[in-house]
1. Once you keep just the Cα pairs under 8 angstrom separated by 6 or more residues, what percentage relative contact order results for the stretch 102-196?
2. Using alpha carbons only, how many angstrom separate the centre of the stretch 90-118 from the centre of the stretch 144-196?
3. Assuming R0 = 25 Å, can you tell me the calculated FRET efficiency for the pair GLN161 and ASP189, based on Cβ-Cβ distance, to the nearest 0.05?
4. Can you bin every Cα-Cα distance in the stretch 45-186 into 10 Å intervals starting at zero and give me the percent of pairs per bin, rounded to whole numbers?
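Each value in this text was obtained by applying a stated rule to the coordinates, not by laboratory testing. The shown structure was predicted, so the numbers you read here are calculated from the model rather than taken from an experiment. Reconstructed Cβ throughout: ideal geometry from the backbone, glycine too, with neighbour counts over all protein chains shown.
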Amino acid sequence: MIRDFQFWPKRRALPFMAIAILTAALAPERSLALAAKKPVAPAAKSSVAPGGPSLLEAFGEWSAYSAASGKAKTCYALGKPRERLPASLKRDPGYVFISNRPGEGVKNEVSIVMGFDVKPDSSPKAEIGAASFEMVAKGANLWVKNAAEEGQFIEALRKGQRLVVKAISKKGNVTTDSYTLAGLLPALDKINKGCQ
């Protein structure tokens, strides 16, 4: 099934709020932890705001979070790109965001934040080893174009070593973000246990 944006606003509201909170509040905390080159303690928890995301555990380049809004609980695995090309291009932070929302029956939903508005009607792509997935863009966000391939995407991530995301910005800049997949498996395991 090809994604239809017409039905997305209600379904996507909670992840977008979480991305905004994570970007604004947790990115500085992660930057400080990486700058100090000290791993975050396994049981470390960080509450941003009432009901806001809490860090469950960090696994190198990947972290696991949980958030609650009323009775709805969401868990996220979040990765930041190791390399962004062209390096001279100024843009907002980028993330890969894998979420579980058991109250909505959603598990391992993949979204990618590019840090810039993606050119409409372009063909963004995600590559994991030999596997390639067409993505669909809305603003600065990407999703797997064919929702039926999301399970294959997750399986490729589990087996892969590197994720490469290619997109063209609204201004015409060709970009490539590369993510290491080291740390992803324990982050996924953590969110699967945290949101059942």
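1. 27 percent
2. The distance from the Cα centre of the stretch 90-118 to that of the stretch 144-196 comes to 9 Å.
3. Step by step, r from the Cβ atoms, then E = 0.90.
4. That works out to 12, 41, 35, 12, 0, in percent per bin.
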